[in-house]
Amino acid sequence: MTRVLITSINYAPEETGIAPYTTKLAEHLARQGYGVTTVTGMPHYPAWRVSDEYRGAAFAHEHRNGVDVERRWHYVPRSHSPLRRGLYEGTFLLSGLSSLRLPPPDAVIGIVPSLSGGVLARVAAARFRVPYGLVFQDLMGLAAEQSGIGGGRGVSAVARLTEGWAARGAAAVGVIAEGMRPYVESLGVEPGRIRRVRNWTHTGEATVERQAMRAWLRLPADAMVCLHAGNMGHKQGLENVIECARLAEAAAPGLLFAFVGDGSQRPMLEALAARHRLANVRFLPLQPEQVFPSVLAAADVLLVNQRGSVAEMSLPSKLTSYYAAGRPVVAAVAAGSETAREISWSSGGIVTAPDDPGALLDALLRVANDGGLRAHLATSARRWAADVLSEEAALRSYEQLLAAVLASARHGRVHTAGRPAQRQAESTGEERADAMRDRWAA
């Protein structure tokens, strides 16, 4: 039996973000006959609070759907700063080093973010003398640079160095968006080792009738519901949507804005809505997986909102669920972002300027007032989900990445550098440092 070790701080029972994809990948490989072990953290996302049943535990071992799950304690920040993020990453990395005592795998797959998932993959691969691959779900160095948080440049520099060290030794590197390729190449990864993998629609069909779900959620039956689902973090910049709701109270009283989920910025957003006494804003908790598709289908419009500085990093994982729900998407994102490109290709939504609540309101009213447009966008979204975002096709791309990693061991290929030729000389010191770290890990 071929054994695979997966390192990722996020895993089931987390229901949003990258956890559903990592979980499904591990369980799919187990069904294909691989022996799969996942080293992960304690469930904490998107609330940034450890789930009650895991609170206080230093470690836990579970067997979930054919996968051995090894959980390790780590610090979970309730609010975010560069120092707290460093503690979050560092504590998972240190506790994850205990995985080096597990039975040796034949290959390692690291999931980024977190950075520690990628670093742990390289360290484990060096310890067991096996090849490894990385999957970039997001680009942490670029995210820190574009986030606007204090100390972002310094955090970005550290994140880039860490990403580069983790990626340069990988036999294959998966990216979930084509816009990530140039950045990953700039880390020193040869273009031939970069592979496109796709996330997929991991939500099922709506099972609750639309008006019944609205009644259960206490949403007005006759409102035009504009719903944002998922993480409420700094990157999302959802104060833009709150300001849009403030403008809509007078200009479009039929619009209602629903925020479903949790995140580090939720208390701030709730306080902002309360300060403006917005009667057209609702905050709802993270919904159980079995009803989540029905929650999305109860909306009229589904929202993506990102700060204007956020571009070319990744596709928000919510977009796959949005398309499956068959509802129009309105995205306030940078015109050159991967999200904008995906929406253009799919014809499942419209893109408007970020950080501009008036432009967002105009886009929402355009969709609200044109039933033909709504129907066209909804049909296109559902077709894109069926044709492009199928689970079968996406998992096949991950299997191909794993096959490339395993093949590198059979052919005796070792990847520790991978800088472009014109930068080869400047990279020599980095390669020596990489090799020293690998020897230390071994």
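Observations on the structure shown:
- Whenever a residue of segment 70-90 is not assigned by TED's automatic domain parsing to the domain that holds ALA47, it has no partner that is of a type in the set (Val, Ile, Thr) and surrounded by 15 or more Cβ atoms within 10 Å (Cβ to Cβ) lying with C-beta atoms less than 8 angstrom away and at least six residues away or across chains.
- Inter-residue pairs, beta-carbon under 6 Å, first more than 14 Å from LEU219 (Cβ to Cβ) and assigned by TED's automatic domain parsing to the domain that holds PRO253 and in segment 265-285, second part of a strand (DSSP E or B) and of a type in the set (A, V, I, L, M), 6+ apart: ALA273/VAL281
- Selection of segment 17-29 for residues being assigned to a loop (DSSP other than H, G, I, E, B) and either touching a Cys at 6+ places or on another chain (Cβ under 9 Å) or surrounded by fewer than 24 Cβ atoms within 10 Å (Cβ to Cβ) (or both) yields only GLY17.
- Boolean, CYS244 is buried (at least 20 other Cβ atoms within 10 Å of the Cβ), under 21 Å from GLU289 (Cα atoms) and either assigned by TED's automatic domain parsing to the domain that holds SER337 or among the acidic types (Asp, Glu) (or both): no
- ARG307 being among the basic types (Lys, Arg) and at pLDDT 95 or above: no
- Against the test of being among the acidic types (Asp, Glu), out of contact with any strand residue (DSSP E or B) (no Cβ under 8 Å at 6 or more places or on another chain) and either at pLDDT 95 or above or surrounded by fewer than 24 Cβ atoms within 10 Å (Cβ to Cβ) (or both), the options GLU185, GLU145 yield a single qualifying residue, GLU145.
- The combined condition, being surrounded by fewer than 21 Cβ atoms within 10 Å (Cβ to Cβ) and of a type outside the set (Val, Ile, Thr), is not fulfilled by GLY41.
Residues checked against (1) modelled with pLDDT under 95; (2) under 18 Å from the mean Cα position of the chain (by Cα):
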{"site": "GLU289", "(1), (2)": "yes, yes"}
{"site": "ALA297", "(1), (2)": "no, no"}
{"site": "VAL301", "(1), (2)": "no, no"}
{"site": "ALA324", "(1), (2)": "yes, yes"}
{"site": "PRO328", "(1), (2)": "no, no"}
{"site": "ALA335", "(1), (2)": "yes, no"}
{"site": "ARG341", "(1), (2)": "yes, yes"}
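- Considering segment 116-142, and only residues there that are modelled with pLDDT under 95 and of a type in the set (A, V, I, L, M, F, W, C), the residue that is surrounded by the most Cβ atoms within 10 Å (Cβ to Cβ) turns out to be LEU139.
- Selected residue [surrounded by 15 or more Cβ atoms within 10 Å (Cβ to Cβ) and either in a loop (DSSP other than H, G, I, E, B) or within 21 Å of the chain's Cα centre (by Cα) (or both)] from GLY56, GLY90: GLY90
- For segment 264-272, the condition holds for at least one residue, the condition being that it is surrounded by fewer than 22 Cβ atoms within 10 Å (Cβ to Cβ) and closer than 30 Å to TYR398 by Cβ.
- Residue check for PRO105: more than 29 Å from ALA229 (Cα to Cα) and surrounded by 13 or more Cβ atoms within 10 Å (Cβ to Cβ): yes
- Summed over segment 335-369, residues that are under 26 Å from ASP387 (Cα atoms) and not β-branched (Val, Ile, Thr) total 13.
- In the set ALA325, ALA298, ALA335, ALA375, only one residue is in contact (Cβ under 8 Å) with a residue 60 or more places away in the chain, of a type outside the set (Phe, Trp, Tyr) and either closer than 24 Å to ILE18 by Cβ or surrounded by fewer than 20 Cβ atoms within 10 Å (Cβ to Cβ) (or both); that residue is ALA325.
- Among residues of segment 171-200, those that are under 15 Å from GLN137 (Cα atoms) and assigned to a loop (DSSP other than H, G, I, E, B), counted: 6
- Against the numbered list (1) closer than 24 Å to ARG196 by Cβ; (2) surrounded by fewer than 24 Cβ atoms within 10 Å (Cβ to Cβ); (3) hydrophobic (A, V, I, L, M, F, W, C), LEU97 comes up short only at (1).
The values are calculated or read from the model by the stated rules, or taken from the named source; none is laboratory data. Note that this is a predicted model, so its numbers are computed, not measured. In this analysis, Cβ positions are derived from the backbone assuming ideal geometry, glycine residues included, and neighbour counts consider all displayed protein chains.
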